[in-house]
Amino acid sequence: MPGVLRVNEIFHSIQGESTAAGLPCVFVRLTGCHLRCSWCDTTYAFHEGRPMSVDEVLDEVARYPCRTVELTGGEPLLQPEAIPLMARLLAHGYRVLLETGGAAPIDAVPEGVTVVLDVKCPGSGESARNLWENLDRLRPGDEIKFVVRDREDYVWAVRTIAERGLHSRAKLLMSPVFGELEAALLAEWILEDGAPVRLQLQLHKILWPGVERGV
């Protein structure tokens, strides 16, 4: 439906990921995803949601005392109206982040939006869906995230960073799959190799253990 988004939830929380971790943020979670990552923790966003216009989303965001907004999902770029929503948020003076799974093109993302691009490791079951052309569309300040399930994923990620020269393209983040890989073990691997990445923990899961929505 033109001009309408399907929105799963809008909430105010502490940013748990990216280099903005720890900052207050308003999250706009859009419904729908064409990937089925083995470790996905937001499966409820595959289908649940309500229709909202861009204006309605802006009004809801404005209720919170916060000037940072992240579009997430699901996969927000599956909805065409996500692009004008981001443009409108920028025009209203918000800092805008986009969390994307990396399998949808980012070329239409407005300049000024910080893209957090998830490069899928083999353990996700979706590494064949990585849209590698997106790496050439990243802008200064954008971020690349690897979610690592095991040693195989870690080795694959480090090799991918080296082969594709990613350390010079964007800020690099690496996260352990929560509950499957110990963060301390991943930290040891990073230190041993001198990997050019920032260890990233899902801060919201530490602050609010067991809470799945609205954080």
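The values are calculated or read from the model by the stated rules, or taken from the named source; none is laboratory data. Every value quoted in this text rests on a predicted model; they were computed, and no experiment measured them. Using ideal geometry, Cβ is built from the backbone for each residue, glycine included, and neighbour counts are taken over all protein chains shown.
Tell me which residues, restricted to the stretch 178-199, are among the hydrophobic types (A, V, I, L, M, F, W, C) and either in contact with a Gly (Cβ under 7 Å, 6 or more places away or on another chain) or at pLDDT 95 or above (or both). Show your work before the answer.
Restricting attention to the stretch 178-199, the residues satisfying the condition of being among the hydrophobic types (A, V, I, L, M, F, W, C) are 178, 181, 183-187, 189-191, 195, 197, 199.
Scanning the stretch 178-199 gives Leu181, Ala183, Ala184, Leu185, Leu186, Ala187, Trp189, Ile190, Leu191, Ala195, Val197, Leu199.
Mind telling me which of the residues Leu97, Leu117 ends up being in contact with a Gly (Cβ under 8 Å, 6 or more places away or on another chain), of a type outside the set (Val, Ile, Thr) and at pLDDT 95 or above?
From the options Leu97, Leu117, the qualifying one is Leu117.
Can you find a residue in the stretch 116-132 that is surrounded by 14 or more Cβ atoms within 10 Å (Cβ to Cβ), closer than 18 Å to Ile106 by Cα and hydroxyl-bearing (Ser, Thr, Tyr)?
Looking for residues that are surrounded by 14 or more Cβ atoms within 10 Å (Cβ to Cβ), closer than 18 Å to Ile106 by Cα and hydroxyl-bearing (Ser, Thr, Tyr), one finds at least one in the stretch 116-132, hence yes.
Which condition number does Glu75 fail, the rest of (1) out of contact with any strand residue (DSSP E or B) (no Cβ under 6 Å at 6 or more places or on another chain); (2) over 22 Å from Thr19 (Cβ atoms); (3) among the acidic types (Asp, Glu) being met?
Failing condition for Glu75: (2).
I'd like the residue in the stretch 73-83 that is within 23 Å of Met174 (Cα to Cα) and out of contact with any Cys (no Cβ under 7 Å at 6 or more places or on another chain) and, out of all such residues, is surrounded by the most Cβ atoms within 10 Å (Cβ to Cβ).
Among residues in the stretch 73-83 that are within 23 Å of Met174 (Cα to Cα) and out of contact with any Cys (no Cβ under 7 Å at 6 or more places or on another chain), the one surrounded by the most Cβ atoms within 10 Å (Cβ to Cβ) is Pro76.
Take the residues in the stretch 12-62 that are free of Cβ contacts under 8 Å to residues at least 24 places away in the same chain and under 20 Å from Lys120 (Cα atoms), then tell me which one is farthest from the chain's Cα centre (by Cα).
Step by step, filter the stretch 12-62, then rank; the result is Thr43.
Residues to consider are Asp41, Asp59; find the one that is part of a helix (DSSP H, G or I) and among the acidic types (Asp, Glu).
Of the residues listed, the single one that is part of a helix (DSSP H, G or I) and among the acidic types (Asp, Glu) is Asp59.
Just the residues that are assigned to a helix (DSSP H, G or I) and either surrounded by 16 or more Cβ atoms within 10 Å (Cβ to Cβ) or in contact with a Pro (Cβ under 6 Å, 6 or more places away or on another chain) (or both), please, taken from the stretch 84-111.
Answer for the stretch 84-111, where residues must be assigned to a helix (DSSP H, G or I) and either surrounded by 16 or more Cβ atoms within 10 Å (Cβ to Cβ) or in contact with a Pro (Cβ under 6 Å, 6 or more places away or on another chain) (or both): Leu85, Met86, Ala87, Arg88, Leu89, Leu90.
In the stretch 2-22, how many residues are touching a strand residue (DSSP E or B) at 6+ places or on another chain (Cβ under 7 Å), in a loop (DSSP other than H, G, I, E, B) and over 14 Å from Val215 (Cβ atoms)?
4
Take the residues of the stretch 134-158 that are more than 14 Å from the chain's Cα centre (by Cα) and aromatic (Phe, Trp, Tyr): which is surrounded by the most Cβ atoms within 10 Å (Cβ to Cβ)?
The extreme case among them is Tyr154.
Please work out which one of (1) part of a loop (DSSP other than H, G, I, E, B); (2) touching a helix residue (DSSP H, G or I) at 6+ places or on another chain (Cβ under 7 Å); (3) over 21 Å from Lys120 (Cα atoms); (4) among the hydrophobic types (A, V, I, L, M, F, W, C) is the condition Cys66 fails and give its number.
For Cys66, the failing item is (2).
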